[in-house]
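Written below as structure tokens is the structure these notes are about.
The values are calculated or read from the model by the stated rules, or taken from the named source; none is laboratory data. All of these numbers come straight from a predicted model, not from anything done at the bench. We place every Cβ from the backbone using ideal geometry, glycine too, and count neighbours over all the protein chains shown.
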Amino acid sequence: MPRIIEPELCIACGACEYECPVACITHGPSYVIDANVCIDCGKCQKVCTSQAIFVLGKDIIPTIPS
Ligand code: SF4
Ligand code: SF4
């Protein structure tokens, strides 16, 4: 299952974008994973020191008050 990035937890370090083997992480105002391209390798999650990346449909994604 693809990963998603919770923007409220992301510190925009860029580590995940550098690590992704299929270049499906892009950034504008925030970092975003293209779920249609993600191959579910998990590499982005391993390098994210902010624990901002979650498995869609599996992990419980925290609700961050804005
Ligand atoms: S799980 Fe793998 S393919 Fe999907 S966004 Fe992360 S690094 Fe890229
Ligand atoms: S590695 Fe984590 S904190 Fe860094 S840009 Fe990616 S999602 Fe954001």
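General observations
- Yes/no for residue 44 being part of a helix (DSSP H, G or I) and not aromatic (Phe, Trp, Tyr): yes
- Qualifying residues in the range 9-51 (those that are of a type in the set (Ser, Thr, Tyr) and modelled with pLDDT of 95 or more) - the one nearest to residue 61 (Cα to Cα): 50
- Matching residues in the range 25-66 - criterion: being touching an Asp or Glu at 6+ places or on another chain (Cβ under 7 Å), under 14 Å from residue 1 (Cβ atoms) and not aliphatic (A, V, I, L, M): 44, 54
- Flag if residue 38 is near ligand 2 (Cβ under 7 Å from one of its atoms) and part of a loop (DSSP other than H, G, I, E, B): no
- Total residues in the range 16-35 satisfying the condition of being within 6 Å of ligand 1 (Cβ to nearest atom) and in a helix (DSSP H, G or I): the figure is 1.
- Subset of the range 1-26 that is of a type in the set (Val, Ile, Thr) and near ligand 2 (Cβ under 8 Å from one of its atoms) - its residue that is farthest from residue 38 (Cα to Cα): 11
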